[in-house]
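Worksheet: one structure, shown below.
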């Protein structure tokens, strides 16, 4: 799948949704676009001719309602599509959340990183993004002495910087090395993502986008400039594309032996 | 005795004369006016309670994902941005920043801006209007 081709498809998707919202004048088939887009519950899946699957949440949560415990947001990464050398997801995260490295690999922010692996027995190489795995039983939350590390009702694991004291216990507890510590004074933060010196931070699953009915920036970029290896959705919804894929194909979580039940699944790992 | 009375009279006169002057003409903060003409709550109420509103909103947004924008910090920043000499909004480092105008006077150091941006984003529209930008947690 070439990059341009993917971009065009994404654009087509956007246009289709726009038209469905404003016009409603279909008639070329039994199901109008409006009905198709709006009628299928929380998530609408569109399978395009090339086999690329894009998903668009049809409805966002009402702004005055809390996150629902009926939802469990998760990711599925197809490592057979994820290419070594492609860092679209990392770039998208950096741009969306406003973090940057400081030339010290041990201390740089670790919201999301690409990991290249080689199976020594067979020589098979593959590449995958690793970010906060948004566990059902997050060790970071267990060990946090102040309650700053917490899990939202919809399964998103976050750091409440208001009460984080920067002890970094969670960083040691996380088996995925998904958290990092801010060592520098920071200015010009993104309005939706306050960050500051002395606090621990990690992938938020783009919670600000999810609450607005969107998908995480990494997933969006992976489907555009990237290789379309990432899928986002509600793991609790059996009709969601992510649930169907997990029910159909062999997937794994990283370190399933720890029984943390991460919300990030990998296919082809 | 007359001398003592005179002193007393002078003290009382001084108290009545000087204290009102202190109360009225002191170095009160110059509070920049916000945009839009009307705050989300009554001005006197906001002076006393803005910190509680912010804290309440922040916990609801951060912990529960309730993203109403009425009492969010981002709204304060958008309306109360003060333009500097270069035409850009001044940051919290400036004494002219809306929050600093009072907090410097009161000797209060809010640490909101260790993490939160103290100026509206470039090309900002009101909070919540931009896709993917809910209120500040």
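Tell me which residues, restricted to segment B:44-57, are away from chain A (no Cβ under 14 Å) and closer than 21 Å to residue A:65 by Cβ.
Once the filter is applied, which keeps residues that are away from chain A (no Cβ under 14 Å) and closer than 21 Å to residue A:65 by Cβ, segment B:44-57 yields only B:53.
Quick grid of which residues meet (1) at pLDDT below 90; (2) within 14 Å of chain A (Cβ to nearest Cβ):
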residue	(1), (2)
B:34	yes, no
B:59	no, yes
B:64	no, yes
B:69	yes, yes
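Every residue, every condition in (1) crowded, with 18+ Cβ neighbours inside 10 Å; (2) under 18 Å from residue B:117 (Cα atoms); (3) within 14 Å of chain B (Cβ to nearest Cβ), yes or no:
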site	(1), (2), (3)
A:170	yes, no, no
A:193	yes, yes, yes
A:201	yes, yes, yes
A:207	yes, no, yes
A:219	yes, no, yes
A:238	no, no, no
A:248	no, no, no
A:256	no, no, no
A:264	yes, no, no
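Where residues in segment B:14-32 are surrounded by 10 or more Cβ atoms within 10 Å (Cβ to Cβ) and either closer than 24 Å to residue B:73 by Cα or touching a strand residue (DSSP E or B) at 6+ places or on another chain (Cβ under 9 Å) (or both), which of them is modelled with the lowest pLDDT?
Residue satisfying both the conditions and the ranking: B:29.
In segment A:75-182, which helices (runs of 4 or more DSSP H) lie fully inside it and hold 3 or more residues that are over 17 Å from the mean Cα position of the chain (by Cα) and without any contact (Cβ under 8 Å) to a residue 40 or more places away in the chain?
Numbers: elements: A:88-97, A:139-143, A:169-173.
Counting at least 3 such residues, we get A:139-143, A:169-173.
Pick out the one residue from A:214, A:155 that is more than 10 Å from chain B (Cβ to nearest Cβ) and buried (at least 17 other Cβ atoms within 10 Å of the Cβ).
Working: A:214 fails: more than 10 Å from chain B (Cβ to nearest Cβ).
Only one candidate passes the filter, namely A:155.
The values are calculated or read from the model by the stated rules, or taken from the named source; none is laboratory data. Note that the coordinates shown come from a computational prediction; the quantities given were computed from them, not determined experimentally. So basically every Cβ, Gly included, is an ideal-geometry build from the backbone, and we count neighbours across all protein chains shown.
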